[in-house]
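**Student:** Provided herewith is a single structure, encoded as structure tokens, for subsequent inquiry.
The values are calculated or read from the model by the stated rules, or taken from the named source; none is laboratory data. Please read all numbers here as calculations on a predicted model, not as lab measurements. All Cβ positions, even for glycine, are placed from backbone atoms using ideal geometry, and neighbour counts span all protein chains on display. These accessible areas exclude ligands, DNA and RNA; they are computed on the full protein's heavy atoms, side chains included. Shrake-Rupley method; radii C 1.70, N 1.55, O 1.52, S 1.80 Å.
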Amino acid sequence: MKTGLVLEGGAMRGLFSAGVMDVMMEHGVTFDGIVGVSAGAAFGCNYKSGQAGRAIRYNMRFAKDRRYCSLWSLLKTGDLYGAEFAYHIVPTEYDPFDNETFEASPTEFYVVCTDVETGKAVYKKCMKGGYEMCEWIRASASMPVVSRVVELEGHKLLDGGMADSIPLAFFHGIGYEKNIVVLTQPKDFVKRPTRLMPLIRRSLRRYPEIVKTMEQRHLMYNQQLAYVEQAEAMGNTLVIRPEEKLPIGHISHNPEEMHRVYELGRRVGEARMADIDAFMR
């Protein structure tokens, strides 16, 4: 039976997931496959490369660096999170990503993006590290309105969470029968229609299909939560989530705030380790 780790996005809320993952790595928990959306992909790649602590380390280090995430970056480059600095310079120069360990690991790693021309999810299997993988992760984490469309392999891509926020059904469909799902919203969370639709319609007016997808995104997300709950009731899914709303927004320039959210993830991870061990056995 193939075991999987499913990682929701949520921008800086993903530091909660990073805390959970670091605890699992430290306890030697391994998976046959990992699928990540947006921040789930950006931080989840460190699981396959065995780099516990890396996600919180570089986010805190560059929290106030305008090259990493800033209005300056948005105005200068078209991306709130600097495409070159955040996704290529940081992992090669400042906090190196371990491509060798990533590629040696048999764990399958999938990145979820959204094709803006079709409004549908695109699932990319990444087994090789380096520039191309970082580009797929950048596409997965490129939030609408504040990011340029990323063109890869004939697709025009943005944030994976636009079309598939919690890709548990995708993992079920490719044979992952037993999964741990890490969510970044507390139990009983209900997604509402986004108030940013006027901006989204304007910025993505060339892509009517993705506008339709975004208009229905809250319905998709709530249906996926129900799907996760059903899978959990069947016993083939273990859900890990924060106990209450995380004290951080999509964007943060506060290292202490980032660290608090990361520590909340670690605490929940430690508290659930007995459940995780029993489930994985």
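**Student:** Okay, helix-only estimate at 222 nm for the chain: each DSSP H run of n ≥ 4 adds -39500 (n - 2.57), divide by all residues, round to 500 deg cm²/dmol; what do you get?
**Tutor:** On the way: 12 runs with 118 residues, N = 281.
Taking each H run of at least 4 residues, the total per residue is -12500 deg cm²/dmol.
**Student:** Let me ask you something else. With the cut-off at 1.5 for a/c, could you classify the chain from its C-alpha gyration tensor as rounded, prolate or oblate?
**Tutor:** Since a/c stays below 1.5, the shape of the chain is classed as rounded.
**Student:** Pick from C69, C113, C45 the residue whose mean-square fluctuation is largest in a GNM of the chain, springs joining Cα atoms under 10 Å.
**Tutor:** Looking only at C69, C113, C45, the largest GNM fluctuation is found for C69.
**Student:** Test of understanding: what is the full-extension gain from Q230 to E256, defined as 0.36 nm times their sequence separation minus their Cα-Cα distance? Can you show the working numbers first?
**Tutor:** Working: separation 26, 0.36 × 26 = 9.36 nm, distance 3.64 nm.
Contour length minus Cα-Cα distance gives 5.7 nm.
**Student:** For the range 219-281, what is the convex hull volume of the alpha-carbon atoms per residue, in Å³?
**Tutor:** Hull volume normalised by residue count: 105 Å³.
**Student:** With springs only between Cα atoms under 10 Å, which of V116, V190, V182 fluctuates most in a Gaussian network model of the chain?
**Tutor:** In the Gaussian network model the winner is V190.
**Student:** If you don't mind, there's one more thing I want to ask. At 1.4 Å probe size, with every protein chain present, just tell me what the per residue accessible area of the range 1-133 comes to in Å².
**Tutor:** 38 Å²
**Student:** Could I ask something else about it? Just to verify a number: what accessible area does R57 come out at with the full protein assembly present, 1.4 Å probe, Å² rounded to tens?
**Tutor:** 120 Å²
**Student:** Under 5 Å between amide hydrogens, which residues at least 5 positions from V239 or on another chain qualify, with H placed 1.01 Å from N in the peptide plane?
**Tutor:** V181
**Student:** Can you pull the percent of Cα pairs in the range 55-149 with separation above 19 Å?
**Tutor:** 46 percent
**Student:** Would you mind pulling out the separation of the Cα centroids of the range 214-258 and the range 167-197, in Å?
**Tutor:** Cα centres, the range 214-258 to the range 167-197: 6 Å.
**Student:** Then there is this: Please report the net charge: other residues with Cβ closer than 14 Å to the Cβ of R61, K and R +1, D and E -1. Spell out each step's value before the answer.
**Tutor:** On the way: positive: R54, R57, K64, R66, R67; negative: D65, E93, D95, E256.
Net of charged neighbours comes to +1.
**Student:** Check which residues have an amide H placed less than 5 Å from E117's amide H, if you skip close sequence neighbours.
**Tutor:** Amide H neighbours of E117: K156.
**Student:** With the Cα gyration tensor of the range 98-178 giving a ≥ b ≥ c as the square roots of its eigenvalues, does the rule (a/c under 1.5 for rounded; else a/b larger than b/c for prolate; else oblate) give rounded, prolate or oblate?
**Tutor:** Oblate, since a/c reaches 1.5 and b/c is not below a/b.
**Student:** Assuming R0 = 30 Å, what is the FRET efficiency of V190 and M280, from their Cβ-Cβ distance, to the nearest 0.05?
**Tutor:** 0.50
**Student:** For the range 69-113, what size does the Cα cloud have along each of its three principal axes, sorted from largest down, in whole Å?
**Tutor:** That works out to 40, 26, 10 Å along the principal axes.
**Student:** Rank these by accessible area, largest first, 1.4 Å probe: K2, K48.
**Tutor:** So, going from the largest accessible area down, we get K2, K48.
**Student:** Would you mind telling me the share, in percent, of accessible area of the chain contributed by carbon and sulfur at probe 1.4 angstrom? Walk me through the intermediate numbers first.
**Tutor:** Values: 6450 of 12670 Å².
After summing per-atom areas, the C and S share lands at 51 percent.
**Student:** Specify the residue with the greatest mean-square fluctuation among V29, V211, V149, computed from a Gaussian network of the chain linking alpha-carbon atoms under 10 Å apart.
**Tutor:** Looking only at V29, V211, V149, the largest GNM fluctuation is found for V29.
**Student:** Of E229, E108, which has the most accessible area with a 1.4 Å probe, and how do the rest follow in descending order?
**Tutor:** Listed by decreasing accessible area, they come as E229, E108.
**Student:** Can you give me the solvent accessible area of T30 with a 1.4 Å probe, rounded to the nearest 10 Å²?
**Tutor:** 100 Å²
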